[in-house]
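For reference, the structure discussed in these notes is given below.
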Amino acid sequence: MKVITTIKDMQTEINRHKVPSKSIGFVPTMGFLHEGHLTLLNRARQENDIVVLSIFVNPLQFGPTEDYSTYPRDFERDRALAECEKIDYLFYPSVEEMYPHPTSIKVLVQDRADVLCGKSRPGHFDGVATVITKFFNILMPTRAYFGKKDAQQVAVIEGLIKDLNFPIELIPVDIVREEDGLAKSSRNVYLSSEDRKQAIVLNKSLIVAKRAIADGERNPSKLISLISEIVTAESNGTIDYIELFSYPQLKPMGNLEGTIIIALAVKFTKVRLIDNIIIEIH
């Protein structure tokens, strides 16, 4: 595995592999790798000749009151984990390398960004789309791998690839969970022991809603109320949102049909957790 810190060197390395037309799998992360990230890397390793992992905590996607400075970072730990996955390149640019001067052009996300997490984080997905566009242009991978835990991000990236005509295949990968159902996240390390016990209510409430749909429930409001009741009764968390939309369009639905997403965000003492479930209704 080779660690690369400059855009020029990364492009030079990637261009060497494009001559024999090798497939390139790309896994973008903000580091502090966990099993969810490793699952993405493993999938990329299986499906591509070359695998590139990026670690970059992108300041453009953090709001003024958000946790950019305290976001967990441990490069040496991440490097060791990446080596175990036998990836080819770890791209680890600095903020100064990615944004050497005030950005004159940014990507503006006009659809799919004003609901769910985007509703309370204006500009967040503009920052995500801008940095992913830069990464795509630097690497021009064959396939890009994203976890479904951030299902809204997956939907936004799908629109980015389609609208900007990137010749890249988007590979969404299922959520990786702890044994008790909690979705793995870099932020889980900040949960107190009591909050950690209660956090399983997110996945539990989604499973109950899925069962209700299987039993014939098609009213979005009733499903949202059901989830809210469970979260309120079984945790001290504060509900940020519980929403139900078509997927990946992220549009409201009067009656459920096709592919839908039920997503929620709950704030515990120090941490805001998200989870979702995507369901096919026939």
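Details
- Expressed to the nearest 5 percent, the antiparallel share of DSSP beta bridges inside the chain is 50 percent.
- Using bins of 5 Å that start at zero, the share of Cα-Cα pairs per bin across the chain amounts to 1, 5, 12, 15, 18, 17, 13, 9, 5, 3, 1, 0, in whole %.
- Residues with amide H under 5 Å from that of D111, placed H, sequence gap 5 or more: none
- Using a simple spin-label model with pseudo-atoms 7 Å out from Cα toward Cβ, I213 and T12 lie 5.0 nm apart.
- Using θ = phi - 60° in the Karplus curve 6.51 cos²θ - 1.76 cosθ + 1.60, the 3J(HN,Hα) couplings for the range 99-111 round to 10, x, 8, x, 5, 8, 9, 10, 8, 9, 8, 9, 9 Hz; x is entered for Gly and Pro.
- Between the range 32-51 and the range 96-148, the C-alpha centres lie 21 angstrom from each other.
- The range 158-196 versus the range 252-276: alpha-carbon centroid distance in Å: 13 Å
- Surface/4 estimate of mean projected area, convex hull on alpha-carbon atoms of the range 27-165, nm²: 8.5 nm²
- Residue list for the range 180-196, given a label point 7 angstrom along the Cα-to-Cβ vector of D74 and an amide N cut-off under 14 Å: 185-191
- For the range 186-276, diffusion coefficient by Stokes-Einstein and Kirkwood Rh (Cα), 25 °C, 0.890 mPa s, µm²/s: 181 µm²/s
- Backbone amide hydrogens, once placed in the peptide plane, bring Y247 within less than 5 Å of T259, I260, I261, excluding anything fewer than 5 places away on its chain.
- Eligible lysines near K270 by straight Cα distance, threshold 30 Å, same-chain separation 8 or greater: K119, K148, K149, K184, K197, K204, K210, K222
- The residue among P252, N276, S192 whose Cα reaches farthest toward the positive pole of the charge dipole of the range 186-276, with charges on the beta-carbon of Lys, Arg, Asp and Glu, is S192.
- A run of the chain free of exposed loop cleavage sites, with GluC sites (Glu not before Pro) counted only in DSSP states other than H, G, I, E and B and at most 16 other beta carbons within 10 Å, reaches its longest extent at 67-177.
- 5 angstrom amide H check on F26, placed H, neighbours 5+ away: V52, R143, A144, Y145
Rule-based calculations on the coordinates, nothing more; no lab input. Keep in mind the model is a prediction, meaning the values are calculated, not measured. Neighbour counts are summed over all protein chains in view; Cβ atoms, including those assigned to glycine, are modelled from backbone coordinates with ideal geometry.
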